Amino acid sequence: MGRDSNLFKTILVPVDFSPCSEEAFRVACQMARLCGAAILVVHVIDTSALAAFNRLGLLAVPSDAAAQRRRLRHYARLKARQLLESKEAETVKVTRMIVEGTPFIEITKVVRTGNIDLVVMGSYGGRSGSVDKIFFGSTAEKVVRTAGCPVLTVPLPASAVQKKVAR
């Protein structure tokens, strides 16, 4: 298959650093090589989760919220750098963006303001069994409905699912 630079120019890959989002990143890198596209990796620090922790008293003092955000931002930069320096990202132009807010809203904002041609994301993330998903739908599902561009959802590869079941 030859490179078709007209198909996709910029691919957005939202990551939460779960195995499923890492698989989506791998697939996006392959697609970017085929299309000659650039990749924008975005991680959203879920501020609603921090607010819930604060309301439940799980932070030592309310001022811990700012420190926790700094720690989460630092962690996200480190994990994103690992993706950018990974073998999968070789020969692909990859940039990163870290934002705060509600994941699907922030992802959709990036799509609409960043000339994104395709979103490649994991079909479920790190909190796949949460009550939020049961009542409100997954982030991937919400992005599919609101992005305004094609969205490719990537499941875990069968080998990873088999390893998870074997545990």
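The values are calculated or read from the model by the stated rules, or taken from the named source; none is laboratory data. Everything numeric in this text was worked out from a predicted model, so none of it was measured. Cβ coordinates were reconstructed from backbone atoms using ideal geometry, including for glycine residues, and neighbour counts include every protein chain displayed.
The table below lists the values:
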item	result
Complete set of residues in the range 7-46 that are farther than 19 Å from residue 75 by Cα and assigned to a helix (DSSP H, G or I)	23, 24, 26, 27, 28, 29, 30, 31, 32, 33, 34, 35
Positions within the range 127-154 being at pLDDT 90 or above, farther than 23 Å from residue 32 by Cα and not in a helix (DSSP H, G or I), in sequence order	none
Residue within the range 88-100 that is part of a helix (DSSP H, G or I), over 28 Å from residue 71 (Cα atoms) and modelled with pLDDT of 90 or more present	no
Number of the condition not met by residue 124 [criteria: (1) in contact with a Leu (Cβ under 7 Å, 6 or more places away or on another chain); (2) at pLDDT below 90]	(1)
Test: residue in the range 57-71 that is of a type outside the set (Val, Ile, Thr), modelled with pLDDT under 95 and under 27 Å from residue 144 (Cβ atoms)	no
